[in-house]
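The values are calculated or read from the model by the stated rules, or taken from the named source; none is laboratory data. Given the structure is predicted, the values throughout are model-derived calculations rather than measurements. Note that we place each Cβ from the backbone using ideal geometry, even for glycine, and neighbour counts take in every protein chain shown. Surface accessibility is based on the protein's heavy atoms, side chains included, excluding ligands, DNA and RNA. Shrake-Rupley method; radii C 1.70, N 1.55, O 1.52, S 1.80 Å.
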Amino acid sequence: MSISTFTGQHILSVNDFDRDAIQQVFDVADKMRPYAMREKRTTVLDGAILGNLFFEPSTRTRVSFGTAFNLLGGEVRETTGMSSSALAKGESLYDTARVLSGYSDIIAMRHPAPGSVAEFAEGSRVPVLNGGDGPNEHPTQALLDLYTIQKECEYHGGGIDGLHIAMIGDLKFGRTVHSLSKLLSKFKNLRFTLVSPNELRMPDSVISVLEDAGHQIRITEQLEGSLDADICYQTRIQEERFPSPEEANKYRGRFRLNTEIYTKHFQSKTVIMHPLPRDSRAEANELDNDLNMHPNLAIFRQTDNGVLVRMALFALTLGVEDLVSRYEKDVVWYTNKHQETM
Ligand code: NCD
């Protein structure tokens, strides 16, 4: 995808983004901050309708798509769960898309089957944004993760090129690490340490994208020694993609991160990320609450940034990125949101 062609495009895969397109999304996301922080509001999408179709569990992705659209002044129509939709009656994704795109100006969709959102997009008459298609891709999460990495690096006075990134946990089924790795592959001289049990290792298709782009990759089954990683990206065991809960239980709790483990294996500057939800049950506890106050814990900066990035994607795909401030209004209710640091 090149810079000038966002309007009317589907956002299905990170493969569609080159570095210029990524930077354009980030520049628009920066401009969205005052609206998300309630310093002012905009009604640029007044009258527009988002069809928010989530056929797989989701809290933050679904709500942040909806919130982002509301913050631009648009309305959200939501469908959740497969059993309550006509897909349960055997309707094809094509037909569902054909129908629902008649009711919306843009659609965000999550579905458990790889390739399903792209198949849906073929029947859609409006832009479709992939909110996660099974273990395949999660492009908007990757963009918000990368936006967060860029912001964290800027804070430490650096950039993305040359970073050392550790990814930990379920790298096989975790779609966020697939999309993030492919997006990162477009940068220069990166080092990756991929930590997972062999059975849950990063798919070869993703590794080859990184290798072809000349990045260094180290694959290991354990967190060992001291890693000079700039980013530690922890993931959840994606139990819903295992053949049985017992199978997932074999790996649950293998990759815990708490203050002690973090201090042992990482540097004082290593940024801690996680797409969330973190599995906080005692048997998993993959990202301990004892890190909650750690200044390097970026997980809630990620979720806040997700709104900015999704606002940017809506503005760009609907072609209003330069009109947002023209439709500006005052915020007249009580808010102390603008005092938060995002
Ligand atoms: C992830 C997902 O659903 O792929 N979460 C998210 O979108 N923020 C990761 C997960 O569920 O573990």
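Considering only GLN222, GLY90, VAL324, whose Cα is most displaced toward the positive end of the charge dipole of the chain, charges sitting on Cβ of Lys, Arg (+1) and Asp, Glu (-1)? Comparing the listed Cα positions along the dipole, VAL324 ranks first.
Ignoring any ligand, DNA or RNA, what whole percent of the accessible area of the chain comes from carbon and sulfur when the probe is 1.4 angstrom?
47
For LYS329, the aspartates and glutamates whose Cα falls under 19 Å of its own Cα, not counting residues fewer than eight places away in the same chain, are ASP30, GLU39, ASP46, GLU75, GLU321.
Per-residue ellipticity at 222 nm from helix content only, as computed over the chain with -39500 (n - 2.57) for each DSSP H run of at least four residues, stands at -10000 deg cm²/dmol.
What is the extension gain from ASN15 to GLU224, computed as 0.36 nm multiplied by their sequence separation minus the C-alpha to C-alpha distance, in nm to one decimal? Working shown, then result.
Working: separation 209, 0.36 × 209 = 75.24 nm, distance 3.24 nm.
Using 0.36 nm per residue and subtracting the Cα-Cα distance, I get 72.0 nm.
For the set LYS172/LYS269; LYS151/LYS269; LYS40/LYS269; LYS89/LYS250; LYS40/LYS186, the pairs lying more than 25 angstrom apart at their alpha carbons are LYS172/LYS269; LYS40/LYS269; LYS89/LYS250; LYS40/LYS186. Taking the Cα centre of the chain as origin and assigning +1 to Lys and Arg Cβ atoms and -1 to Asp and Glu Cβ atoms, the resulting dipole is close to 440 debye.
The equivalent ellipsoid that matches the C-alpha gyration tensor of the range 139-300 spans semi-axes of 23, 19, 14 angstrom, in descending order. Enter the angle in degrees (range 0 to 90, nearest 10) between the Cα long axis of helix 19-36 and the first principal axis of the Cα atoms of the chain, meaning the one along which they spread out most. Tilt relative to the chain: about 70 degrees.
About the Cα centre of the range 1-120, what is the dipole size in debye to 20, counting +1 per Lys and Arg Cβ and -1 per Asp and Glu Cβ, all else neutral?
Numbers: 12 positive and 14 negative charges, 82 e Å.
Value, rounded to 20: 400 debye.
The local environment of ASP161, defined by Cβ-Cβ distances under 12 Å, has a net charge of +3 under the rule Lys, Arg +1 and Asp, Glu -1.
Restricting to DSSP loop positions (anything but H, G, I, E, B) with no more than 15 other Cβ atoms inside 10 Å of their own Cβ, which chymotrypsin sites (Phe, Trp or Tyr not before Pro) remain in the range 70-162? All intermediate terms of the calculation are to be shown ahead of the outcome.
Numbers: sites: TYR94, TYR103, PHE120, TYR147, TYR155; in loops: TYR103.
Those that pass, being in a loop and sparsely packed, are TYR103.
Counting every Cα pair in the chain, what percent are over 35 Å apart? Could you put the intermediate results ahead of the total?
Details: 12315 of 58311 pairs.
Looking at the chain, the distances longer than 35 Å represent 21 percent of pairs.
R0 = 41 Å: FRET efficiency of LYS89 with SER280, Cβ-based, nearest 0.05? The calculated FRET efficiency here is 0.65.
Please identify every one of the trypsin sites (Lys or Arg not before Pro) in the range 1-86 that sits in a loop by DSSP and has no more than 15 other beta carbons within 10 Å of its own beta carbon. If you can, show how the numbers build up before the last one.
Working: sites: ARG19, LYS31, ARG38, LYS40, ARG41, ARG60, ARG62, ARG77; in loops: ARG38, LYS40.
For trypsin sites (Lys or Arg not before Pro) across the range 1-86 that sit outside H, G, I, E and B with at most 15 neighbouring Cβ atoms in 10 Å, the list reads LYS40.
Among THR220, THR317, THR270, the largest mean-square fluctuation in a Gaussian network model of the chain, built with springs joining Cα atoms closer than 10 Å, belongs to THR220.
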